[in-house]
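Here is the structure we will look at.
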Amino acid sequence: MKKIALILTAVIALFSTVGCKNGANGNATNSPDNNAGNASTEQVQDTQVQDTMVLGKLYFVNLKEGEKPVMTALSLSGNRSGSTEFNSQPAATEGIRSVFELSEWVEFYPEASANTGIKVMVFKHNADQGFYLNNTLNEETPGYVQQLDLNKDPDAEENAHWGSFYLHHEEVEPGLYDFVFIYDNKVFATMLTKFYKNDELSGKSDSDLEKLMTR
């Protein structure tokens, strides 16, 4: 009897030990450190998706189902490179001119349902485009460069631009920049652009410029 009792005690002790180990492993799976690792992986994946933005494409955001953006298409032109034809493309949502030189004037020709009230803010490119939806945007916002109010002049010709600006070559570096479009204090679109050094695009053909727009 004593031998049987000792055997039963040993078996019970063995199962108790295995159960404790399994329980510890289960808790480790849900530990804060492991959850943080999973979140980090998801964040990297999201960043990779967001950073595959195409140059010269309007990415409409922050719209309710069925809601149309106030600006539905856009054309941009510059005054330093490209032919007249290259700089007078019809307004579109993709293939918009998106490469410029620093200190080159950039003119805006939008198709919009409102003639005033649209603002474009320029920021150094942020891989996390959700940043523009989750933060207050002003001159103190990290990455801010400048802003422009787009207004259609009722007395101007039909094809006149709504506003223009340039990024000064002594104040900012060449690289990728986000155009963030705002109406009624709400971001509704973003667009990726690239600015080159002063005179770097000089002498390039239209086809050369188009190749540069394929990031």
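The values are calculated or read from the model by the stated rules, or taken from the named source; none is laboratory data. Here the structure is a predicted model, which means the values were calculated and not measured. Each accessible area value is taken on the protein alone, full model and side chains, heavy atoms only, with ligands, DNA and RNA left out. Shrake-Rupley method; radii C 1.70, N 1.55, O 1.52, S 1.80 Å.
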Review point. Restricting to lysine pairs 8 or more places apart or on different chains, what number in the range 124-210 have Cα atoms under 23 Å apart?
Key: 5
**Study point:** Volume per residue of the C-alpha convex hull in the range 127-207, rounded to whole Å³
**Key:** 159 Å³
**Study point:** Size descriptor, Kirkwood hydrodynamic radius, that averages inverse alpha-carbon separations across the range 72-123, Å
**Key:** 12.0 Å
Exercise for review: Would you check the accessible area of Thr93, probe 1.4 Å, heavy atoms only, in square angstrom rounded to 10?
Suggested key: 60 Å²
Revision key, fill the gap. Expressed per residue, the solvent accessible area of the range 48-117 in Å² (1.4 Å probe) is about 51 Å²
Point to revise | Calculated from backbone phi, Karplus (6.51, -1.76, 1.60) coupling profile of the range 139-148 in Hz, x at Gly/Pro | key: 5, 8, 5, x, x, 5, 10, 6, 9, 8
**Study point:** Accessible-area ranking of Thr72, Thr84, Thr190, largest first, probe 1.4 Å
**Key:** Thr84, Thr72, Thr190
**Study point:** Solvent exposure ordering (accessible area, 1.4 Å, most first) of Asp128, Asp178, Asp199
**Key:** Asp199, Asp128, Asp178
Review point. Can you give the accessible area of Val70, probe radius 1.4 Å, in Å² rounded to 10?
Key: 20 Å²
Point to revise | Stokes-Einstein D in µm²/s, Kirkwood radius over Cα pairs - the range 46-173 at 4 °C with 1.567 mPa s viscosity | key: 80 µm²/s
Exercise for review: Would you mind telling me the share, in percent, of accessible area of the range 81-215 contributed by carbon and sulfur at probe 1.4 angstrom?
Suggested key: 41 percent
Review point. Extension gain Glu200-Asn135, at 0.36 nm per residue separation less the Cα-Cα distance, in nm?
Key: 20.0 nm
